[in-house]
Amino acid sequence: MDLSVPSKTIAEVQDDLVKRFTHFTDPKDRYRFLIDMGKTLQRMDESFATEENRIHGCQSQVWIHIQENQGRLFMQARSDAAIVSGLIALLLRIYNGRTPQEIATAPLDFLGKIGLLQQLSPNRSTGLYHMIKRIQSEGQKRLAA
């Protein structure tokens with residue numbers, strides 16, 4: 001698992017993602033870029049593909065393993081679907097290596113700005129919502145502890 005601390009703020013990462021996605025005028029190019037992002041996901045160890053790590057509410061199979069190290073949350077995730085893998089990669093760029101406080105309070109308005117939300121099927125939007133909810137609830141749980 002990559003335990004490196006992000007060098008950019010969440011706002012900087014989001015601004016970068018908005019620039020990259022809005023660079024494409026054709027929605028198909030945005031999807032291709034998203035799928036390519038999914039191909040860069042670090043391989044998740046099979047032992048983490050447990051029922052406890054599975055994201056319910058997704059049409060695809062999705063697992064997110066989250067562990068805390070020195071006050072930061074590090075994540076590995078996997079999906080059996082290319083676009084969903086891209087959505088996971090997108091979320092990990094925002095959340096991976098952040099503090100529980102950052103994770104619990106990160107604004108997600110950039111998702112509307114990159115032009116993907118409008119194109120996602122209702123099932124994929126629901127799955128994305130459940131992935132975000134799971135990651136944020138991990139942050140909130142650790143804040144409350």
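The values are calculated or read from the model by the stated rules, or taken from the named source; none is laboratory data. The structure displayed is predicted, hence computed values, not measured ones. Please note: Cβ atoms are built from the backbone with ideal geometry, for glycine as well, and neighbour counts cover all protein chains shown.
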(request) Can you give me the number of residues within segment 14-66 that are farther than 15 Å from LEU91 by Cα and touching a Leu at 6+ places or on another chain (Cβ under 7 Å)? (result) 1
(request) List the number of the failed condition for MET44; all other conditions in (1) surrounded by 13 or more Cβ atoms within 10 Å (Cβ to Cβ); (2) touching a helix residue (DSSP H, G or I) at 6+ places or on another chain (Cβ under 9 Å); (3) not hydroxyl-bearing (Ser, Thr, Tyr) hold. (result) (2)
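Output the residue which, of all residues in segment 76-106 that are under 13 Å from the mean Cα position of the chain (by Cα) and either among the basic types (Lys, Arg) or loosely packed, with under 15 Cβ neighbours inside 10 Å (or both), is farthest from CYS58 (Cα to Cα).
Per the criteria, the residue is ARG98.
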(request) Report those helices (runs of 4 or more DSSP H) wholly inside segment 85-145 carrying at least 3 residues which are modelled with pLDDT under 90 and over 16 Å from LEU17 (Cβ atoms). (result) 122-144
